[in-house]
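Accompanying notes for the structure given below.
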Amino acid sequence: MPDSQDPKQTDNNDLRNAQFSGGLINAESVNAGRIGGDIYNIHLGQQTAASTNPAQSQSQRQRSLSERDSLEKAYTLQSQKVAQIRTALVIETDVSRKFQYEHQLQSEERTLKELGDKLDAIEQQLQANVQNVILQPSGANSYHTRSDQFQKEVPHLLPYLANRREQEAQLSEVFSNFLSPDSPTHLVCIIHGDESQCHYNFLEKMRKVFLPKWLNLDPQEPIIYEYPLEWPSKSKNLHNLSNQLCKNLADVVLKNSLYSPESINIAFSKHHHPVIVHTHLLTEDLQRQGLDSLNKLLEFCYSLHQIVTSQRLIVCIFIKYKIKRKKTHKNLWFKLLFNLSFVFLKQYRYQKINNKIRKYLQVLSNSDINYIKSQSIIVLPELSGINQGEVENWVRCEDTKQFVGEAMIEPLIQKVGEMFEYWEEQTSSDTIPMSYLAEELSKLVKSLIAVQGESA
């Protein structure tokens, strides 16, 4: 429980009743499944054929985006709950309690899968209604309508378009070779960075911006399809890793873990464009399973070439480095002292494994394995913080200019300068993590548009 909370208050996002070797995880303390379920039911209840009213279509899209964001939060919450139950199951020694944990885990994993299915359904609906992958005005003349301009929401991806030029340039070069007839049919792309660099939004940028541009897709065509591949973070048997990953892939592609290679191949062949398969690993996963798990993962990627022969795949491996989090302690001072040694030890371990991962990726990037076995492997430059010049370039780009208007460019640049000045005073750093930056840019854009509306 955060120190600032009243002990009598309850929080449905909390797992405070979880006990190891002493009791089951309290399923009532996390209502992630219900959160997602309620949102999903509302969404489906209102879903009809695409409206011919542009303003109504835009409104429906905004609701869907909001519902997707809520479901993503619920999915994250449920994932944390499942992880805690798995941990409890591993360390529990009492046979009867292990049996109870196993049944509880099966139930919570079903809820997690349902949330994932609901996210997929909403995402597919959003894909079907995409008219413009970046900016979707509420009508043909919406950018010329003064009242609409002052009320429109900042597009979800817009603030995340700041920078990532280095990664885009390297990926573009490899992708042009990937599309040639004599190239490997699968591309393995490794994206790594600390937990504040918004890995999922980089995936969305690849899917909705980079690839449609490189494939010369019509804006009204469905965007690139993607399938999340769950990483078996608790598995210690690396010899069975490839088989487990195949089952997880079949589960998301076919909605059934009982599969045949032919059925997976047929499912992928139905798509007209290259398909993205993405998996996500944390520092904790590689600390627990060892760096050899990355070798096994690359072997699995090669086995996909033998399974999926009818479609080009882009396998994205996201590696998220755990970093030190700042926490405020408002409780008694001795609590801080008690936890201090534990925190420093944990952070030291994170830094140690993070450095090992970086060294592994550097060796991999320079090795001859990059272009063999019918797959091309690319390790993108590490995702890092954004500097002021890069954000000012974003302000002047066509997407931002189209959204805020020419008159707002200079005021926005001034606000960006103030933001970086404040950040550097507080952190002694001249770069801002993407997670913080995107949130602040959205706020800046909204505030400037509101001021412009008041003065109009």
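Once phi is turned into ³J(HN,Hα) by the Karplus curve 6.51 cos²θ - 1.76 cosθ + 1.60 with θ = phi - 60°, what whole-Hz value does each residue of region 75-85 show in order, with x for glycine and proline?
5, 4, 4, 5, 4, 5, 5, 4, 4, 5, 5
Give me, ordered by chain and number, the residues 5 or more places off ILE319 or on other chains with an amide H under 5 Å from its own placed amide H.
ILE191, HIS192, GLY193, LEU281
Grab the other residues whose beta carbon is less than 13 angstrom from that of ASN355, score K and R as +1, D and E as -1, and report the net. Numbers along the way, then the final one.
On the way: positive: LYS322, ARG349, LYS352, LYS356, ARG358, LYS359; negative: ASP194, GLU382.
Summing Lys and Arg as +1 and Asp and Glu as -1 gives +4.
Just list whichever of LYS73/LYS236; LYS73/LYS98; LYS320/LYS356; LYS234/LYS296 have alpha carbons separated by over 24 Å in the model shown.
Numbers: LYS73/LYS236 28 Å; LYS73/LYS98 29 Å; LYS320/LYS356 13 Å; LYS234/LYS296 15 Å.
Where the Cα-Cα span goes over 24 Å, the pairs concerned are LYS73/LYS236; LYS73/LYS98.
Mind checking the full-extension length gain between GLU221 and GLU418? Use 0.36 nm per residue of separation minus the Cα-Cα distance, one decimal, nm. Numbers along the way, then the final one.
Working: separation 197, 0.36 × 197 = 70.92 nm, distance 4.02 nm.
Difference between extended and current length: 66.9 nm.
Which ³J(HN,Hα) values, rounded to whole Hz and listed in residue order, are derived for region 207-216 from phi using the Karplus coefficients 6.51, -1.76 and 1.60 in 6.51 cos²θ - 1.76 cosθ + 1.60 with θ = phi - 60°, glycine and proline given as x?
Each residue of region 207-216 in turn: 6, 9, 10, 4, 5, x, 5, 6, 8, 6 Hz.
Using amide H atoms built 1.01 Å from N in the peptide plane, name the residues 5+ places from CYS198, or on other chains, whose amide H lies under 5 Å from its own.
SER435
None of the figures in this text is laboratory data; all of them are computed from the coordinates on show. These numbers come from a predicted model, not from an experiment. Don't worry about glycine lacking a Cβ; one is built from the backbone with ideal geometry, like all the others, and counts go over all protein chains shown.
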